[in-house]
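Here the structure is laid out as structure tokens; the discussion comes afterwards.
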Amino acid sequence: MKEALKEAKKALEEEEVPVGAVIVKNGKIIARAHNTKETSKDATCHAEILAIKKACKKLDSWRLLDCDMYVTLEPCPMCAGALINSRIKNLYIGTDDDKSGACGSVLNLLEDYKFNHKIKVDKYILKEECESLLKDFFKFLRERNKNEKKSV
């Protein structure tokens, strides 16, 4: 999760929502990514999707069998679906997403439905670090927006 946090900090430097993801196979990181939705102007550029794409390219397969993902924020429905479809084995989550989380917070795509692939989920890995990074980012945005409104 520390490596996923490094990716999240890269997103933060780019003023993206600080979410980072890494994919591990046989104890080695094979892909890493962070959110680039704002800079790319692409709604699908979540850390999880970008990491999955990189891992698929590295393994030359859409099946990420025996691969684990570490992600700092609970995946949304789009990303949870991509995790199922790519056959990720284990998912390690830093903190919940109470607004759009699809791994237990808002809904649970990974456990409540009869998909052909099941993913083992472990939550709250380095929760405080993952959570504070997000809280600090959104606090920064609120302050910046407040100051911009004052100057108009």
Review point. Taking the range 45-73, which residues are of a type outside the set (A, V, I, L, M) and touching a Leu at 6+ places or on another chain (Cβ under 9 Å)?
Key: Glu48, Cys56, Cys67, Asp68, Tyr70, Thr72
**Study point:** When residues of the range 98-121 are limited to those that are within 16 Å of Ala82 (Cβ to Cβ) and of a type in the set (Val, Ile, Thr), the one most open to solvent (accessible area, probe 1.4 Å)
**Key:** Val121
Point to revise | Sole exception among (1) buried (at least 18 other Cβ atoms within 10 Å of the Cβ); (2) without any contact (Cβ under 8 Å) to a residue 60 or more places away in the chain; (3) more than 23 Å from Phe137 (Cβ to Cβ) for Arg63, by number | key: (1)
Practice item. Give me a count of the residues in the range 1-46 that are open to solvent by 70 Å² or more (accessible area, probe 1.4 Å) and within 11 Å of the chain's Cα centre (by Cα). Key: 1
Review point. Within the range 68-78, can one find any residue that is open to solvent by less than 90 Å² (accessible area, probe 1.4 Å) and in contact with a Gly (Cβ under 6 Å, 6 or more places away or on another chain)?
Key: yes
**Study point:** Residues located in the range 13-33, provided they are over 17 Å from Lys135 (Cβ atoms), in a loop (DSSP other than H, G, I, E, B) and without any contact (Cβ under 8 Å) to a residue 24 or more places away in the chain
**Key:** Gly27
**Study point:** Which numbered condition Phe137 misses (of (1) under 16 Å from Val17 (Cβ atoms); (2) open to solvent by 20 Å² or more (accessible area, probe 1.4 Å))
**Key:** (2)
Practice item. Considering each of Tyr70, Tyr124, Tyr113, Tyr92 in turn, give the residue that is modelled with pLDDT under 95 and of a type outside the set (A, V, I, L, M). Key: Tyr113
Exercise for review: Filter the range 86-97 for residues that are over 14 Å from the mean Cα position of the chain (by Cα) and open to solvent by 40 Å² or more (accessible area, probe 1.4 Å) and give the result.
Suggested key: Arg87, Lys89
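The values are calculated or read from the model by the stated rules, or taken from the named source; none is laboratory data. Bear in mind the structure is a predicted one, so any value in this text is a computation, not a measurement. Ideal geometry is used to build each Cβ from the backbone, glycine not excepted, and the neighbour counts take in all protein chains shown. SASA here: full protein model, heavy atoms, side chains in, ligands and nucleic acids out. Shrake-Rupley method; radii C 1.70, N 1.55, O 1.52, S 1.80 Å.
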